C-alpha cells in the first residue's frame, strides 16, 4: 500500500527531469497578475532579466542578451541561423540528440555542415576537432552542446573553445541544460553566442529562450537570418531602439523568470546552484548503485543535471510499471533517449534537495520490492 506521495511546495509531484522541472511556490505565485507588454513595470522587469543573464557567465560589458519567445530550441535555431551566414560553414560536434537537432536546423536553413560524431557516452575527440579545423579553412563556426541530456554527459567546452580560438573560428554553445549550473566564463572561453532557456537550471517556467551574444559578433549578423521571427539581430536592434519585443512576449513567463533569477542569486549564483545539484547527483548515483543499478557514464564525464541508468535485465522489470509506480509515489522520472542501449534517466535539477533525492531512492527500493525485481546487479 502506497502512503502519501511526495509533493512540491504547491502539492505537485516532484519532477526528476531535465526541464520543465519543479519550481518554487514563489516562482509560480508571481504569475497570478497581468501586465501589458508595453507597461513600464513589465519593461523594467524584462530589462533587469536581460541585464542579469550575461553576468552569470562573466560576460557583462561584452555580451548582450537577446530573448526569443518559445522553447529552448527556438533560441538554438535563432542562434545558428543568425550567426552562421549563408556562405558560412559550421562544424557540429554530435554525441546525442541535441547535436543531431542542430544539424537538422542547419540542413533546413541550407547552411554548409561538417560533422564530428562520437558515441553518446563519449565526448568529442579534441585531436580530431583540431585536425578538422586545420584541414578545412572554409569552416567558420563550431557548435558544441555543454551538457548533452541524451546521456547526461558534460562536454569539454573550454577545451573545444581553446581549439576554436587557436584556429581563429567562432564558437556557438548550446548550454540549455548547463547555464547557471555548470561554470562557463566568457573571459576564458571565447564564444560568439550561448543559448539557454527559462525552464532549466535557473528554475523558471517554460516559454522563453535566450541567447547571450558577443555584441561585436552580433553586429555583423544583419541579413543572415532565414526567418523573421528567429532573427536575433532584428530582435536585438528593436530592443536597442525601443526596449520592447517585436512581437507579443510571454509576459508571465518573463516575470516568473525574474523571480527565479532573484532566487538563483540568493542561492549564490552558479556556484551555489551547482553545489546543490552536485549533491543531488552524488546522492542519487550512490543510492542507485547500492540498489544495484549502473550509471552509463563514469564520474569524470557525468554532469550533475540528469543521470542515465542501464535498464535491468530482470524480466520482471517493466519500465512503464516502474515509471507509473514512482509517479504514484510522487516522483516523475524520464525514459531513456540512447540509441545504443535500453536505459532510463533521473534528473537532479529543479527545486529539489538532498532529502528529495533520498525520498526518491526509498520509493525506488519500494517499487522494486513490489515488482519482485531481484537481479539488478546484472544491469548492463
Relative to the chain, whose Cα atoms define the longest principal axis, helix 232-242 and its Cα axis are tilted in degrees, nearest 10, by 70
Going fewest to most other Cβ atoms within 10 Å around each Cβ, 310, 146, 33, 252 line up as 33, 252, 310, 146
Length-normalised contact order of segment 25-266, Cα under 8 Å, at least 6 apart, in percent, tallies to 29
Candidates 62, 22, 242; GNM for the chain (alpha-carbon contacts under 10 Å) flags as most fluctuating 242
Among beta bridges assigned by DSSP with both residues in the chain, the antiparallel ones amount in percent, to the nearest 5, to 50
Sorted largest first, the Cα spans of segment 177-246 on the principal axes come out in Å as 33, 30, 23
Mean projected area (nm²) from the convex hull of Cα positions in segment 234-380 is 12.1
In degrees rounded to 10, the 0-90 angle between helix 319-328 Cα long axis and the longest Cα principal axis of the chain is 90
Rounded to the nearest Å, the spacing of the alpha-carbon centers of segment 38-80 and segment 118-135 is 31
Rounded to the nearest 10 degrees, the helix 97-108 long axis (Cα) sits at an angle to the longest Cα principal axis of the chain of 30
Relative contact order in percent for segment 64-141 (Cα pairs under 8 Å, 6+ apart) equals 32
Protection proxy (average C-beta count within 10 Å per residue), highest first, orders 152-163, 296-307 as 152-163, 296-307
Dividing the mean separation of Cα pairs under 8 Å (6+ apart) by the residue count of segment 1-72 yields a relative contact order in percent of 14
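Each value in this text was obtained by applying a stated rule to the coordinates, not by laboratory testing. This one's a predicted model, so the numbers in the text were calculated from it and none came from an experiment. Counting neighbours? That spans all protein chains shown, and the Cβs are built from the backbone with ideal geometry, glycine included.
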